[in-house]
Amino acid sequence: MNDDRTDPSDRERELRARLDDAPTIPVEEFRKRSRRSFLTGAAGLGAAYVGWQWLQDQPDVAGIPKPLRDTLKFNEDVWRTVSESRSAPEHPISKATPIQVNGRIGIRNEIDLADWTVRVEGPDGEVLDELDISTFEALPQRDMVIEHKCIEGWSSIVHWGGTRFSDFHARYADRVGDVPYVSLETPDGLYYVGWDMPSIMHPQTMLALRQGTEPLDQDHGAPLRLATPNKYGIKCLKRIGVIRYARERPADYWAERSYDWHAGL
Amino acid sequence: MSIDTNSAASDAGTTESAPPDEPVARLVHPRAIRWLHWINFPLLFIMIWSGLRIYWAEDVYAFGIGSWQWFAFFPDAVYETLELDRRLARGMAFHFAFGWLFVINGAIYAVYLLATREWRRILPDRHAAREAKDVVLHDLHLRTTAPPQGKYNAAQRISYTVVLVMAFVIVLSGFAIYKPTQLYPLPLLFGGYQGARLVHFAMTIGLLLFFVVHLLQVARSGWGNFRSMITGYVIERRPPSVAAEPAAPTSAGAASVSDNVEVSS
């Protein structure tokens, strides 16, 4: 055998010598402390049960108990403070795969793309513009190969082509001023998302016109959709019909259905 | 008695002494360890329960080769029994709220282990692999004697260390999934976003397996051992005496471990 093998009694001494002094107490004292410990334990168990029930009984805010909703907001603030402006890695085009079709809310019916326009609204409801696709094609174009992450857990590396939201926003920056939010809707208004300004102005937040080099399919939000690696797919609205600047935090389809409003990654 | 901490008795160099053969209570689990242990227990299960709700939405993991699946995580009966279906958003809300408590509790524990040097009782030493094998054989009644041990036997040291590593990895991979952009390049540590998701899931299964064995061993070890995790103390027949050199200063004589009577279990 090897050299490590020592006589068991030596080994025993070695192990014991390594233990620190452990205090001992008389058994009567132990019984007293033991009773106290069990009572503390029972109280702790009771407190945990009451706390758990209390949490479930709290009024729901958009589908989840208020303390949890507040925690999601707290988390949002924490991460905003830590590192809001970081960017996700981008990948070589060869890694890109076609993305699966997941959400159809707001795009169930095919539309005539020639008739499509997007309405741009200011924070007071005033219509700033009614644009067709040529405006977006005329803005600076870029390609972005990023990992699109679904809130359900799957992800895929997608090649998007289009324009940065920030380049689009430059057209209206002077007119809308310091607006904290942007709301986007499908033309039928069935699906809608809310974005905070720092997130939507992030250089990786894209108004996508293409997947790969091809124009978007209707299933993927033709002719114009949002794309980003920095929020879950639920925020990447397909078939944009309205872009509205907002002073208040806008409604968000999935945030109304228990999910986190910020949904940031 | 492999898991039973009672057999770690007759500790070295205790200043207090009691008359020979009088039962005394000796502290084995300091208060901090007991609190952290019992707080961790429900937190871990809230994390696993809410985590499974998240996993459910994209439950892709299975054991198998090619298209043949030996076991898919999880059979429908599991989801139905635990009522996990279609509660992804709720799962996320709980996970990202209680996750903080789980991490804080774990961080306090880590600091405690380092500050008190308690980690030395847990980390396996160079004899651990051989001794652990003997412990397992002993526990399976294939060997009559158990190897000598300190506070924990070698099998315990290895499993507790593995559990601590798994807990650390589960937190790290969890953060990698939670904020892959903001914490980039953390996901790369796990081979990317999907790698982190797989590791996170595998660690969950690992912790559940540990839990099953842990329960069996606690049941085997008996009431005295279980009580020690609540009260902190085990009862011993003999006062602690010193087996290690230099010779014991007490008059109790050099009691060997085999003299140690466990009245508690």
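Computed from the coordinates by the stated procedures, all read-outs in this text should not be read as laboratory data. These figures come from a predicted structure and were not determined experimentally. Don't worry about glycine lacking a Cβ; one is built from the backbone with ideal geometry, like all the others, and counts go over all protein chains shown.
Taken over region B:33-50, residues that are of a type outside the set (A, V, I, L, M) and more than 9 Å from every other protein chain (Cβ to nearest Cβ) amount to 6.
Given the structure, is A:Glu147 assigned to a strand (DSSP E or B), free of Cβ contacts under 8 Å to residues at least 40 places away in the same chain and more than 15 Å from A:Ile200 (Cβ to Cβ)?
Values: assigned to a strand (DSSP E or B): yes; free of Cβ contacts under 8 Å to residues at least 40 places away in the same chain: no; more than 15 Å from A:Ile200 (Cβ to Cβ): yes.
It is false that A:Glu147 is assigned to a strand (DSSP E or B), free of Cβ contacts under 8 Å to residues at least 40 places away in the same chain and more than 15 Å from A:Ile200 (Cβ to Cβ).
With respect to the conditions (1) away from chain B (no Cβ under 14 Å); (2) farther than 24 Å from A:Trp254 by Cβ; (3) among the β-branched types (Val, Ile, Thr), A:Thr97 lacks only one, and its number is (1).
All conditions in (1) part of a loop (DSSP other than H, G, I, E, B); (2) away from every other protein chain (no Cβ under 14 Å); (3) farther than 29 Å from B:Trp56 by Cα hold for A:Phe168, with the sole exception of (1).
Checked against (1) surrounded by 13 or more Cβ atoms within 10 Å (Cβ to Cβ); (2) within 14 Å of chain A (Cβ to nearest Cβ); (3) within 27 Å of A:Gln58 (Cβ to Cβ); (4) of a type outside the set (D, E, K, R), B:Tyr79 passes all but condition (2). Of the listed requirements (1) on the phi > 0 side of the Ramachandran plot; (2) touching a Phe, Trp or Tyr at 6+ places or on another chain (Cβ under 8 Å), B:Leu186 misses just one: (1).
Within region A:80-126, count every residue that is assigned to a loop (DSSP other than H, G, I, E, B) and in contact with a Ser or Thr (Cβ under 9 Å, 6 or more places away or on another chain). Lay out the reasoning, then the answer.
Keep residues of region A:80-126 that are assigned to a loop (DSSP other than H, G, I, E, B), which gives A:84-92, A:96-112, A:116-117, A:122-126.
Cutting the leftovers down to in contact with a Ser or Thr (Cβ under 9 Å, 6 or more places away or on another chain) gives us A:84, A:86-89, A:96-100, A:105-107.
Summing the residues that are assigned to a loop (DSSP other than H, G, I, E, B) and in contact with a Ser or Thr (Cβ under 9 Å, 6 or more places away or on another chain) in region A:80-126 gives 13.
Look at A:Val179 and say whether it is buried (at least 16 other Cβ atoms within 10 Å of the Cβ), more than 30 Å from B:Glu58 (Cβ to Cβ) and more than 14 Å from chain B (Cβ to nearest Cβ). Yes; evaluated as a whole, the condition is true for this residue. In region B:222-239 there is no residue that is in a helix (DSSP H, G or I), under 26 Å from A:Val78 (Cβ atoms), touching a helix residue (DSSP H, G or I) at 6+ places or on another chain (Cβ under 9 Å) and in contact (Cβ under 8 Å) with a residue 24 or more places away in the chain.
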